[in-house]
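The values are calculated or read from the model by the stated rules, or taken from the named source; none is laboratory data. Please read all numbers here as calculations on a predicted model, not as lab measurements. Don't worry about glycine lacking a Cβ; one is built from the backbone with ideal geometry, like all the others, and counts go over all protein chains shown. Only protein heavy atoms, including side chains, enter the accessible area calculation; ligands, DNA and RNA are left aside. Shrake-Rupley method; radii C 1.70, N 1.55, O 1.52, S 1.80 Å.
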Amino acid sequence: MMLRGGCQRVGARLRGLRRGPRGPADGARRGVVSCIDPSMGLSEEQKEFQKVAFNFAAREMAPHMAEWDQKELFPVDTMRKAAQLGFGGVYVQTDVGGAGLSRLDTSVIFEALATGCTSTTAYMSIHNMCVWIIDRFGSEEQRHRLCPPLCAMEKFASYCLTEPGSGSDAASLMTSAVRQHDHYILNGSKAFISGGGEADIYVVMCRTGGPGPRGISCVVVEKGTPGLSFGKKEKKVGWNSQPTRAVIFEDCAVPVANRIGDEGQGFLIAMKGLNGGRINVASCSLGAAHASIVLARDYLKVRKQFGEPLANSQYLQFQLAEMAARLVASRLMIRTAATALQEEREDAIVLCSMAKLFATDECFAICNQALQMHGGYGYLKDYAVQQYVRDSRVHQILEGKRAQDGFLPGGVFSPASVPVPPGPRLPSSSLLAPLEGRALAWGSGSSALSPLRSPSPCSWPMSVLFFIYYF
């Protein structure tokens, strides 16, 4: 009963996320909700489908998200209702059942849906990425055969890239696909697959050629194919409304006709999918952070200590303001990256990685701070804020771990790509000799020194170079 009541309260609060202040008595709301209004800067059309997504999240998702989490239920029926609104193939072309919307539109929708259940929305975003891959790189026959039931969510899709021995180093994957006549024989396994065991379509990256990225191809494996099996359902900290399992191939025969694109194109397809995937998962973080701020604000207004509401504490007011600033900055970064990706700009890949790195970190910090504001109550599962914390934590890991997001091959942050500022030049290497192999620990709050991997100044972190430059 308590669980049901808590879910209903969350749904009621979420239904008011987009509404602005209604009168002078709502001053606290004017200070926070209006400044983080996610509809700011959107067109009227975008505001309309954002409203649809918010309403769906509040009515169909938020009242059930705690139950889905605690009982580990995969809400198939709810997702099929979402698909009726076009959310099963948001940025898929309309001729195969998609909504045909832009990357920015997609971000707006996933942010709104994530306020209702971040875990379920995150799976829907992965499903959308799989459908887009088939739509973008598949043949006309594949598009018209596979995409319509996926867009309607009559069937569900999973993305299979990660392996037990290859996570961030995806180009080293080992799952083999040996061609025999008109079939590929797959052997290997994939790890941490969202929807594993429940999904009907598996978009699999496998090795059809030699080592490295050029030996990777993309194939679709359908559930029920002989040789396809699944590991145990993983027990996770969050994301419990979607099953996660290993996907195992043992002499699994897949028709060559199920290959997406040409042989050797798989790694390119996987990376192009992940560019949008990073925007999608970061948008889910936005939704979790937005909902957490609203929950924290409401709690501060009703919780009294020392004879007055916590909302009267200037310290907590400042913290709430900082959380709002972080949320808005994250949203702007994500929407800028989404626009760049839609326009296929040269800086799109870099912006997607930057947005994912920044937004998932900042939004998790917002959720965590919102829990802290709840005190001990925030640690109870009767209060929704803890679920937003648990569900958003994994966003810092998947779609490229945090440590890899800022250091891409070719080096968006490598010294070669950073213009040298005018003014005094950096000291010569001889002057840096006493510091070789050691550098100031960045962000540690102390002057402790930590070893660097390389003593070469040209490979030092940018934080160290800036420190030396201004020193």
Counting only residues that are surrounded by 18 or more Cβ atoms within 10 Å (Cβ to Cβ) and either polar (S, T, N, Q) or farther than 20 Å from Gly277 by Cβ (or both), segment 354-367 contains a total of 3
Does Ser241 qualify as being assigned to a helix (DSSP H, G or I), touching a residue at least 24 places away in the same chain (Cβ under 8 Å), under 25 Å from Lys356 (Cα atoms) and hydroxyl-bearing (Ser, Thr, Tyr)?
-> no
Cβ pairs under 6 Å, 6+ apart or interchain, first in segment 301-326 and farther than 14 Å from Ala365 by Cβ and part of a strand (DSSP E or B), second open to solvent by less than 90 Å² (accessible area, probe 1.4 Å) and among the charged types (D, E, K, R), ordered by first then second residue, are Pro309/Lys301
Within 30 Å of Ala288 (Cβ to Cβ), in contact (Cβ under 8 Å) with a residue 60 or more places away in the chain and part of a strand (DSSP E or B), is that true of Val247?
-> yes
If you go through segment 208-261, how many residues are under 30 Å from Thr78 (Cα atoms), among the basic types (Lys, Arg) and buried (at least 23 other Cβ atoms within 10 Å of the Cβ)?
-> 0
Which residue pairs have Cβ atoms closer than 6 Å, lie 6 or more positions apart in sequence or on different chains, and pair a first residue in segment 359-386 that is closer than 12 Å to Ala291 by Cα with a second residue that is open to solvent by less than 20 Å² (accessible area, probe 1.4 Å) and among the basic types (Lys, Arg)?
-> none
Filtering segment 344-353 down to residues that are assigned to a helix (DSSP H, G or I) and either under 30 Å from Leu310 (Cβ atoms) or open to solvent by 60 Å² or more (accessible area, probe 1.4 Å) (or both) yields Ile349
Selected residue (only one of Leu341, Leu268, Leu274 is assigned to a helix (DSSP H, G or I) and either surrounded by fewer than 18 Cβ atoms within 10 Å (Cβ to Cβ) or of a type in the set (D, E, K, R) (or both)) = Leu268
How many of the residues making up segment 126-163 are open to solvent by 40 Å² or more (accessible area, probe 1.4 Å), of a type outside the set (S, T, N, Q) and more than 22 Å from Val281 (Cα to Cα)?
-> 6
Lys304 vs. criteria more than 20 Å from the chain's Cα centre (by Cα) and at pLDDT below 95 = yes
In segment 189-207, which residue that is out of contact with any Pro (no Cβ under 6 Å at 6 or more places or on another chain) and open to solvent by 30 Å² or more (accessible area, probe 1.4 Å) is farthest from Leu268 (Cα to Cα)?
-> Asp200
Give Arg22, Arg9, Arg80, Arg59 a once-over and let me know the one that is open to solvent by 50 Å² or more (accessible area, probe 1.4 Å), modelled with pLDDT under 95 and in a helix (DSSP H, G or I).
-> Arg9
Meets criteria (in a loop (DSSP other than H, G, I, E, B) and among the β-branched types (Val, Ile, Thr)) for Val90 = yes
Boolean, Phe49 is assigned to a helix (DSSP H, G or I), modelled with pLDDT under 95 and open to solvent by less than 40 Å² (accessible area, probe 1.4 Å) | yes
Whichever residue in segment 313-331 is surrounded by 14 or more Cβ atoms within 10 Å (Cβ to Cβ) and out of contact with any Cys (no Cβ under 9 Å at 6 or more places or on another chain) and, among such residues, is farthest from Gln372 (Cα to Cα) | Arg331
Starting from segment 150-172, keep only residues that are free of Cβ contacts under 8 Å to residues at least 12 places away in the same chain and closer than 17 Å to Gly215 by Cα, then list their pairs with residues that are hydroxyl-bearing (Ser, Thr, Tyr) and open to solvent by 10 Å² or more (accessible area, probe 1.4 Å) whose Cβ atoms are within a distance under 7 Å, requiring at least 6 positions of separation or different chains.
-> Ser166/Ser172
